[in-house]
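Colleague: Take this structure first; my questions come after.
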Amino acid sequence: MIAYYIYYRVSEKNADETEPLIRAMQARMACRTGITGCLLKKRDEPGLWMEVYEAIADADEFELRLAQIEDEFDIGMFIDGSRHREVFDYEPAGLATCKSGFTEEVRNGKQ
């Protein structure tokens, strides 16, 4: 399986209308491919956005659907520059065995 990380810049003046568009595009992608995307915004650089799509079995089909949907939503009109794609091999982590309370400590900021 593989994972796609697609990053791009969005100007502050376009952010309010771009976010619902990206989320609608991701919803359409999920309907057509069964792959649910995630939208991230860089913490210290809010104009840098990234879409993440994981656990993709058929890269060719995914690429085809992604290109179609990007065109349908005219994404290029709302971002600054181009969308950059990085593709990684994807292997989900197995279940871990943790000492009692460790997970709760980390979640609450106590380490």
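The values are calculated or read from the model by the stated rules, or taken from the named source; none is laboratory data. The model shown is predicted, which means the values in this text are computed figures rather than measured ones. Ideal geometry is used to build each Cβ from the backbone, glycine not excepted, and the neighbour counts take in all protein chains shown.
Colleague: Going by what's in this entry, would Val10 be described as in contact with a helix residue (DSSP H, G or I) (Cβ under 6 Å, 6 or more places away or on another chain) and at pLDDT 95 or above?
Modeller: In short, yes.
Colleague: Among the residues of region 15-38, which ones are within 15 Å of Phe78 (Cα to Cα) and of a type in the set (A, V, I, L, M, F, W, C)?
Modeller: Ala15, Leu21, Ile22, Ala24, Met25
Colleague: Find all pairs meeting these conditions: Cβ atoms under 9 angstrom apart; at least six residues apart or on different chains; first residue within region 75-89 and farther than 12 Å from Tyr8 by Cα; second residue assigned to a helix (DSSP H, G or I).
Modeller: Here the result reads Val87/Ala59, each pair linking region 75-89 to a residue that is assigned to a helix (DSSP H, G or I).
Colleague: Okay, moving on. Name the residues in region 1-27 that are exposed (fewer than 15 other Cβ atoms within 10 Å of the Cβ) and in a helix (DSSP H, G or I), would you?
Modeller: Ala15, Asp16, Glu17, Pro20, Arg23, Ala24, Ala27
Colleague: Only residues in region 26-42 that are over 9 Å from Tyr53 (Cβ atoms) count as the first member; pair them with residues that are among the hydroxyl-bearing types (Ser, Thr, Tyr) and in a loop (DSSP other than H, G, I, E, B), Cβ under 6 angstrom, at least 6 apart or cross-chain, and list the lot.
Modeller: Ala30/Thr36
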